[in-house]
Amino acid sequence: MKILIKNGLVVTINKNDEIKKMDILIEDDEIKFLGDNYNGNVDKVIDATNKVILPGLINTHTHLGMSIFRGTSDGLSLMNWLNNKIWPLEDKLTPKDVYYNNLLSCIEMIKTGTTTCCDMYFGVTEGINAIINSKIRCVYTRCLMDNDGLGDEKIKEFLDLYNNYKDKNPLLTFSASVHSMYTCSYEYLKKVKKLADENNLLLNIHCAENIEEINTIKEKYNKTPIQLLDELGYLQSKLLLAHGTYITDEDIKLLKNKNVSIAHNPISNLNLGCGIAPISKFVKNNINVSIGTDGQGSGNNLNLFNHIGYVDLLQKGFNKDAQIIESYDVLKMATINGAKALGLDNLVGSIEVGKKADIIILDMNNIEIFPTNNLIFDIVHNISINNIETTIINGNILMENHKLLLDVNIDDLKENINNILKKIGEI
Ligand SMILES: [Zn+2]
């Protein structure tokens, strides 16, 4: 299948930061041509005149199964929310429920221009089937922890999943994810690190999210979370830290020049009263920063366009310095930096010949965003769902002109979600 996207303004996010009017030829799953006036035969033409074309956004921290928990963090701190709200509710979810919750999340991502996510949750086989059926790109895992005495069962569940699916679908890769240092024993953290190294997997963990976590780790180990990860050998592996809200200058010295990325989740951190991660310091020290939404329970939604403006504004305001970050840096965090964080930058994160066709088309001519005086600033701050017109993942057009092309009955899905809500009771 050859698809030609004609005459759009392409924000490539390539090494030369090229932004120019070009044609894009997609052949099957790959970008084959990028340049002026493609004249060959094609199966389908998308006219992108007056449209802006971006690489699909990359959300490096999700819990897709939490789509039904929007609004639950209102007025709650992280530990209160987890212990008294979320974990009791999650105990009532069956794997089939997670299927529907995940499907809902995947649709939200397709509708809002996210083409890749990095997910950690449970309900694994049903959960992964929803992702496969949605044709979205995902780094998937079973969230691991042993504070309930069931750590080994979870590792077995993960390994079964990994061995069953690792070569089945080109859109799926895996990470080994421990929930956090406060929900895992020292030995368990070591065990998961070994598992990740043996299978050459990205390690993924919630880290330094709020002050209570810092105090808990300090009390138990007399270390910062980063010092503990260093002792455990995590900093020698491919590592993705979600949050990093409380990372000190001394910690940064340990993180420098390692294969470590930090998934910044601004809305979740604000909602739960956690704070603001010092990402400008990470960037200054060449630590790769990507962006995540977290689950909808704390992050409100998976529309990454809603989150990226906060990244820009928070750093400027928090540091009292309007020049500390640029909109283009933020856009890179949501695209190529995300790809780097997930080890997928040879495949996605920019629009270049040879990369996979993960592409979104924005209509910048809508009256609510007209006129566009500063394109990248407007992309970072002013895109609404009305502007996100077309989403292509791995060469599959999953939304065109706002119309979802997935084979999903939305009314049935809503009914299933309503049944889950009825079953689990008051949220
Ligand atoms: Zn999270």
Item to check | Residues of region 249-278 that turn out to be more than 14 Å from the ligand (Cβ to nearest atom), under 20 Å from ASP329 (Cα atoms) and either hydroxyl-bearing (Ser, Thr, Tyr) or outside any helix (DSSP H, G or I) (or both), as a count | outcome: 7
Item to check | Unique residue being away from the ligand (no atom under 12 Å from the Cβ), assigned to a loop (DSSP other than H, G, I, E, B) and out of contact with any Ser or Thr (no Cβ under 8 Å at 6 or more places or on another chain) when the list is LYS281, LYS223 | outcome: LYS223
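Rundown of residues vs (1) in contact with a Gly (Cβ under 9 Å, 6 or more places away or on another chain); (2) more than 20 Å from ILE291 (Cβ to Cβ); (3) assigned to a helix (DSSP H, G or I), yes/no style:
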residue: ASP152; (1), (2), (3): no, yes, yes
residue: ASN200; (1), (2), (3): no, yes, no
residue: LEU203; (1), (2), (3): no, no, no
residue: GLU209; (1), (2), (3): yes, no, no
Checklist entry - Looking at ASP312, ASP321, which one is away from the ligand (no atom under 16 Å from the Cβ), over 29 Å from THR173 (Cα atoms), surrounded by 18 or more Cβ atoms within 10 Å (Cβ to Cβ) and charged (D, E, K, R)? => result ASP312
Item to check | Close pairs from region 279-306: first on the phi > 0 side of the Ramachandran plot, partner in a strand (DSSP E or B), Cβ under 6 Å, at least 6 apart | outcome: ASP294/HIS61
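Condition first: more than 28 Å from LEU239 (Cβ to Cβ), in contact with a Lys or Arg (Cβ under 6 Å, 6 or more places away or on another chain) and among the β-branched types (Val, Ile, Thr). Can you find one or more residues in region 49-57 that meet it?
no
Sort through LYS111, LYS156 and tell me the only one that's surrounded by fewer than 22 Cβ atoms within 10 Å (Cβ to Cβ) and either touching a strand residue (DSSP E or B) at 6+ places or on another chain (Cβ under 8 Å) or under 30 Å from ASN386 (Cα atoms) (or both).
Numbers: LYS156 fails: either touching a strand residue (DSSP E or B) at 6+ places or on another chain (Cβ under 8 Å) or under 30 Å from ASN386 (Cα atoms) (or both).
From the options LYS111, LYS156, the qualifying one is LYS111.
Could you name every one of the strands (runs of 3 or more DSSP E) located completely within region 22-72 that has at least 1 residues being within 16 Å of the ligand (Cβ to nearest atom)?
Passing ranges, in order: 57-62.
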Checklist outcome for this item: Across (1) modelled with pLDDT of 95 or more; (2) exposed (fewer than 15 other Cβ atoms within 10 Å of the Cβ), LEU4 clears everything bar (2)
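The values are calculated or read from the model by the stated rules, or taken from the named source; none is laboratory data. As the structure is a computational prediction, the values presented were derived from the model and not from experiment. All Cβ positions, even for glycine, are placed from backbone atoms using ideal geometry, and neighbour counts span all protein chains on display.
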